[in-house]
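Just below is one structure, and these are the notes that go with it.
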Amino acid sequence: MNYLCLLLTLLAGAAQAAEPAYPDRPVRFLAAQSPGGPVDIVARVVGQKAGELWGQTVVVDNRPGAGGNIGNVIAAHATPDGYTLLVQSSSFAVNPSLYSSAGYDPIRDFAPIINAGSIPNLIFVHPSLPVHTLQELIALGKTQKLSYASAGTGTTPHLTGERLFKSLAKLDIVHVPYNGAGPAVNAVLAGQVLIGSTATPAAMPLIKGGKLRAIVVTSPQRSPALPDVPTVAESGFPGYVDYTWIAFFAPARTPHAIVMKVNADIATVLQNPAVKERLGVLGFDYVPNSPGQFAEYLKAEVVKWAKVVKESGARVD
């Protein structure tokens, strides 16, 4: 009997030793938003360093569209082996309430890996618009029809606009969705739409270069990246806070060991001094979190944004 136990132990050890270490081939980061926005930035910055850590190529595959739903659905149906990982913003938690059929379930269809960081949303304007404060912008909106650009329907900057302009300020304002933060910022820069609502990274270089004018950020305190820009709470709406987060997910049924390894490795990357500086300059704030902690946070986010969608009356279909 002892000989049989020893034999089984040796066979199990040999099988485990024969199993290739993850990853042993290129990994795809499926970024569900367009190039130039915060999802794309995080995917590329993290992907470069993760590739170095793993000794494998990390390919960033942008699949924007339908507020991120296209990329979400593709990732949900990917082989659950850790070689396709979804990189997505908080629209992931919003869309199931905003669309009659988003095509995925954020809890059932995915294994949360890690929240890579949060950033405040930002209201900014084209310099030709004669406003410098949120109250001036609201006053102007009472006298003329305004519109604002966002990174797309279902993104948290979209709901920031709906909540702030429509629910709180009672403006009759038109939402103009774009296919990502980059296109939305470019539309405001070109004067096609005079107001923008995006996460901070996409617009920050143009704001610092004086080509766009920041009005407010949605964090509880001013962003260290934009210290001269007041918060919404400072501008007449106490307690107002909205964030966009960027996170990594695996398809459901991905082995737990792979989820844990990717969490640990991405956490290592996010604490790399060069990565911290690159993302910190753009306003990202990373707090270490385990897959279990992020899963609980995600559940709360789904509930939170469902309430915002209901209160704002925002719908896609």
Within the range 36-49, identify whether any single residue is in contact (Cβ under 8 Å) with a residue 12 or more places away in the chain, among the hydrophobic types (A, V, I, L, M, F, W, C) and either assigned to a loop (DSSP other than H, G, I, E, B) or open to solvent by 10 Å² or more (accessible area, probe 1.4 Å) (or both), and answer yes or no.
yes
Yes/no for SER128 being modelled with pLDDT under 95, more than 13 Å from LEU298 (Cα to Cα), open to solvent by 30 Å² or more (accessible area, probe 1.4 Å) and more than 17 Å from the chain's Cα centre (by Cα):
no
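Kindly provide the set of residues from the range 138-156 that are over 14 Å from VAL185 (Cβ atoms) and touching a helix residue (DSSP H, G or I) at 6+ places or on another chain (Cβ under 9 Å), ordered by number.
Result: ILE138, GLY141, LEU146, THR153, GLY154, THR156.
Okay, residues lined up against (1) in a helix (DSSP H, G or I); (2) of a type in the set (Gly, Ala, Ser); (3) in contact with a His (Cβ under 8 Å, 6 or more places away or on another chain); (4) over 19 Å from ALA151 (Cα atoms):
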residue	(1), (2), (3), (4)
VAL216	no, no, no, no
PHE249	no, no, no, yes
VAL308	yes, no, no, no
VAL316	no, no, no, no
Tell me, yes or no, whether the range 167-183 has at least one residue that is surrounded by fewer than 16 Cβ atoms within 10 Å (Cβ to Cβ) and in a strand (DSSP E or B).
yes
Just the residues that are assigned to a helix (DSSP H, G or I) and more than 17 Å from the chain's Cα centre (by Cα), please, taken from the range 282-292.
GLY292
For ASN95, which of the numbered conditions (1) touching a residue at least 60 places away in the same chain (Cβ under 8 Å); (2) closer than 15 Å to ASN72 by Cα fails to hold?
(1)
In the range 138-156, the residues that are out of contact with any strand residue (DSSP E or B) (no Cβ under 6 Å at 6 or more places or on another chain) and open to solvent by less than 10 Å² (accessible area, probe 1.4 Å):
GLY154, THR155
Per the filter on the range 229-260, residues among the hydroxyl-bearing types (Ser, Thr, Tyr) and open to solvent by 10 Å² or more (accessible area, probe 1.4 Å) are SER235, TYR243, THR254
If you scan the range 219-232, which residues turn out to be out of contact with any Lys or Arg (no Cβ under 9 Å at 6 or more places or on another chain) and at pLDDT 95 or above?
VAL232
Contact list please: Cβ distance under 9 Å, first residue in the range 268-291 and farther than 30 Å from VAL216 by Cβ, second residue among the acidic types (Asp, Glu) and part of a helix (DSSP H, G or I), pairs at least six apart or on different chains.
VAL269/GLU52
Looking at (1) modelled with pLDDT of 95 or more; (2) open to solvent by 60 Å² or more (accessible area, probe 1.4 Å); (3) in a helix (DSSP H, G or I), which one does GLN16 not meet, given that it meets all the others?
(1)
Does any residue of the range 190-200 turn out to be touching a strand residue (DSSP E or B) at 6+ places or on another chain (Cβ under 9 Å) and open to solvent by 30 Å² or more (accessible area, probe 1.4 Å)?
yes
Just one of LEU159, LEU226, LEU212 is surrounded by 24 or more Cβ atoms within 10 Å (Cβ to Cβ) and farther than 30 Å from GLY51 by Cα; which is it?
LEU159
Filtering the range 261-285 down to residues that are buried (at least 20 other Cβ atoms within 10 Å of the Cβ) and either aromatic (Phe, Trp, Tyr) or at pLDDT below 95 (or both) yields LEU279, LEU282, GLY283, PHE284
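The values are calculated or read from the model by the stated rules, or taken from the named source; none is laboratory data. All of these numbers come straight from a predicted model, not from anything done at the bench. All Cβ positions, even for glycine, are placed from backbone atoms using ideal geometry, and neighbour counts span all protein chains on display. Only protein heavy atoms, including side chains, enter the accessible area calculation; ligands, DNA and RNA are left aside. Shrake-Rupley method; radii C 1.70, N 1.55, O 1.52, S 1.80 Å.
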